[in-house]
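Q: Here it is: the structure, laid out below.
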Amino acid sequence: MLIELEDAFGSYDDVLEFMPTIYVDFDQKMLYSLFPEPMSFEDYVPDGWIGAYKDFYALVPERERYWMIQGESFFERMWNKFRA
């Protein structure tokens, strides 16, 4: 489980490695990216597709949100820990 790794993170940059960065909906032909590097995956979608740099976490089905632990976002928890 992700929570078991909490003490292994030395900074929030380490946490970023575990955050989802790309969401692809093949039925709707959409690609949303939150990739934190200069490369913009959303700029390389095929014709007829939507590509955008956009927060897509709310689109992820609840059962697939591995970062939610007992109703709390692990990423938010770690953000608060490291910015303190």
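The values are calculated or read from the model by the stated rules, or taken from the named source; none is laboratory data. What you see is a predicted model; the values in this text were computed from it and never measured. FYI the Cβ positions are ideal-geometry reconstructions off the backbone, even for glycines, and counts take in every protein chain you see. In case anyone asks, the SASA skips ligands and DNA or RNA and just uses the protein heavy atoms, side chains included. Shrake-Rupley method; radii C 1.70, N 1.55, O 1.52, S 1.80 Å.
Q: Looking only at segment 4-48, count how many residues are surrounded by fewer than 11 Cβ atoms within 10 Å (Cβ to Cβ), within 16 Å of Lys81 (Cα to Cα) and either in contact (Cβ under 8 Å) with a residue 12 or more places away in the chain or among the hydroxyl-bearing types (Ser, Thr, Tyr) (or both).
A: 1
Q: Name the pairs whose Cβ atoms lie under 8 Å apart, with the first residue in segment 69-81 and closer than 13 Å to Val15 by Cβ and open to solvent by less than 70 Å² (accessible area, probe 1.4 Å), the second of a type in the set (Ser, Thr, Tyr) and assigned to a helix (DSSP H, G or I), and 6 or more positions between them or separate chains?
A: Met78/Tyr12
Q: Just the residues that are part of a loop (DSSP other than H, G, I, E, B), aromatic (Phe, Trp, Tyr) and under 13 Å from the mean Cα position of the chain (by Cα), please, taken from segment 11-44.
A: Taking segment 11-44 and keeping what is part of a loop (DSSP other than H, G, I, E, B), we get 11, 17-21, 26-29, 34-40.
Then drop every residue that is not aromatic (Phe, Trp, Tyr), which leaves 18, 26, 35.
Of everything in segment 11-44, those that are part of a loop (DSSP other than H, G, I, E, B), aromatic (Phe, Trp, Tyr) and under 13 Å from the mean Cα position of the chain (by Cα) turn out to be Phe18, Phe35.
Q: In this structure, is Lys54 modelled with pLDDT of 95 or more, of a type in the set (D, E, K, R) and surrounded by 14 or more Cβ atoms within 10 Å (Cβ to Cβ)? Step through it out loud before you land on a result.
A: Values: modelled with pLDDT of 95 or more: no; of a type in the set (D, E, K, R): yes; surrounded by 14 or more Cβ atoms within 10 Å (Cβ to Cβ): yes.
No; evaluated as a whole, the condition is false for this residue.
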